[in-house]
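The values are calculated or read from the model by the stated rules, or taken from the named source; none is laboratory data. Treat the numbers as computed from the prediction; the structure is a model and nothing was measured. Virtual Cβ from ideal backbone geometry, glycine too; neighbours counted across all protein chains shown.
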Amino acid sequence: MSFPEDYLDDDYDLYFNEEEAKDKVKVCREYIDNDRTLANIDFIEEVIQICLECDLIEDGLYLTEAVLNITPYNSEAWQFKGILLNNSFEFGEAYHCFEKSQSLNPNDVETYINKSIAEDNLGMSEDSISSLIKALAIEPNNEEILFSLGVLYEKKEKYIEAIDYFINSIKHDSEYLEAWYELGYCYENMEKFSKALEAYDKYLELEPNSFTGWYNKGIVYLRLEMYEKAINSFDLSIVLKEDFASAWFNNGYALFKLGRLKEALKSYKKAYELDSLDETILFNLGQTYEELGSYPQAIRCYSEAIKLDNGYYEAFLARGYCYDVAGKYQLALKDFNQAITLTSNPEDAWFAKADLEYSLGQLEESITSYIKAIENNNNNFSAWNKLAETYIEVGLWLEGLKSFDECIRIKPDHANSYYGKAKINFLLGHTQNAIDCLKCAFKLNPNIRNEFTREYPEVKSSKLFIKLLDENKS
């Protein structure tokens, strides 16, 4: 077969489209079929490289096998085979190819780099790092090796080490895009947000049309609670990639935090249109409707989120609140009970259930639920406070005193807890204790004095209490 003249020039490193590459492969196959492999081995190796560039894995492996059949000690051919196997996710076989290549040429940097990729994908993370460090010893200024080491440490969440490698790779190539990008990500995870923004800014200076770059910058602004700037970044990301669901979602969140609820709805709806299987989008939609007072729509969103994830604790809890507001108390109780079963720490669900039971007049049940909330968090002041008040209503005054003591333990300056203790002590006939508690309450909040005289009008005829009140006039 005649070979086109332009295939025989010195520009074989230029980009070839797939059709041109397949033509070259066809020529190589003819050489191989006609036992002319050795005579044309240089050309076949060049075509193997083209197969790598064009992702023609099957053809590349065929040609590589042919070369290895003729020259089994060809380290470069073993390396090519390993790279092709890496690209086809056959990492175990690729690893053995790189081992073979390394045994034939121990100082080949590219083999170390590609072997590291196989090792990383095989879960051999320490070996992967070791391979790159050996490569770095051979070429200490190789920015690709430095970058790859940074990525491996980043995966292990060792951000300090990763940052050091990324910075070193940038020292050797100040326009190393990927290094600036990953540097921003590492700083973000270390909550060094100003440095993260600097890195993303440099990346975007070099690559202004990167929708992920603008998105990541927006996420940093979100974490800084700089919502207007976050929105600007997400808007740019969306302009560059209109179907980027995550950008629409986070844009909605920033708008929600600014109270721009109708705009937030539009962003969340667009995100849902692009990704209807993301229950978090539905949950946030529900929260926005809830904030707008549109409880039926909120309930509908939470219900759809639960259909996608029947273990969605927050969605059951939120839907329960909405049912409660809508007067559908039994449905609310059902949701709170379900939420309790879905998490190891259902403190909020127990508290919500207790409040609903209290409002329904189910005082004994609410006491049990408040106690359950406290068992999940002994420092839940609101639960202790409501428990104390409920104990008073059912006549368990000593239990009420203990609960108010817990309130004071958590908030020593809470005047109403002292006042609550004072009222119980009056009921128990412990006048001196009641007076001591009143003194503390009046000292912490003089306005309680007026509440006391309204609740106990008979004090106007008691010299003792008149004296107490006079001592605590503002």
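Worth pointing out:
- Checked against the criterion of being surrounded by fewer than 17 Cβ atoms within 10 Å (Cβ to Cβ), charged (D, E, K, R) and out of contact with any helix residue (DSSP H, G or I) (no Cβ under 6 Å at 6 or more places or on another chain), the range 239-246 contains one or more residues that satisfy it.
- Residue check for S366: of a type in the set (S, T, N, Q) and closer than 21 Å to W384 by Cβ: yes
- Of all residues in the range 271-317, exactly one satisfies the criterion of being small (G, A, S), within 16 Å of K328 (Cα to Cα) and surrounded by 20 or more Cβ atoms within 10 Å (Cβ to Cβ), namely A298.
- Some residue of the range 132-142 being more than 23 Å from A230 (Cα to Cα) and touching a His at 6+ places or on another chain (Cβ under 7 Å): yes
- In the range 341-355, of all residues being buried (at least 22 other Cβ atoms within 10 Å of the Cβ) and of a type in the set (A, V, I, L, M, F, W, C), the one that is farthest from E399 (Cα to Cα) corresponds to A349.
- Scanning the range 72-88 for any residue that is farther than 28 Å from G123 by Cβ, at pLDDT 90 or above and buried (at least 16 other Cβ atoms within 10 Å of the Cβ) turns up at least one such residue.
- Residue ID - surrounded by the fewest Cβ atoms within 10 Å (Cβ to Cβ), chosen from residues in the range 414-461 that are within 20 Å of W397 (Cα to Cα) and among the aromatic types (F, W, Y): Y456
- Any pair with Cβ under 7 angstrom, 6 or more apart, that starts in the range 42-62 at a residue that is within 14 Å of K22 (Cβ to Cβ) and ends at one that is of a type in the set (G, A, S) and assigned to a loop (DSSP other than H, G, I, E, B): I57/S88
- Within the range 342-369, residues that are assigned to a loop (DSSP other than H, G, I, E, B) reach partners that are modelled with pLDDT of 95 or more and of a type in the set (A, V, I, L, M) with beta carbons closer than 8 Å, at six or more positions or on different chains, in the pairs T343/A349; P346/A339; P346/I340.
- Y31 being touching a residue at least 24 places away in the same chain (Cβ under 8 Å) and out of contact with any Lys or Arg (no Cβ under 6 Å at 6 or more places or on another chain): no
- Residue that is modelled with the highest pLDDT [pool: residues in the range 127-178 that are of a type in the set (G, A, S) and over 23 Å from T111 (Cβ atoms)]: A162
- When G327 is tested against the conditions (1) on the phi < 0 side of the Ramachandran plot; (2) not in a helix (DSSP H, G or I), the lone failure is (1).
- The range 408-431 residues that are under 15 Å from W384 (Cβ atoms), paired with ones that are among the hydroxyl-bearing types (S, T, Y) and surrounded by 15 or more Cβ atoms within 10 Å (Cβ to Cβ) (beta carbon under 6 Å, 6 or more apart): I408/S417
- Residues in the range 144-163 that are more than 21 Å from S210 (Cβ to Cβ), of a type outside the set (S, T, Y) and surrounded by 15 or more Cβ atoms within 10 Å (Cβ to Cβ): I145, L146, L149, L152, E161.
- Of the listed requirements (1) farther than 25 Å from P346 by Cβ; (2) at pLDDT 90 or above; (3) not small (G, A, S), T431 misses just one: (2).
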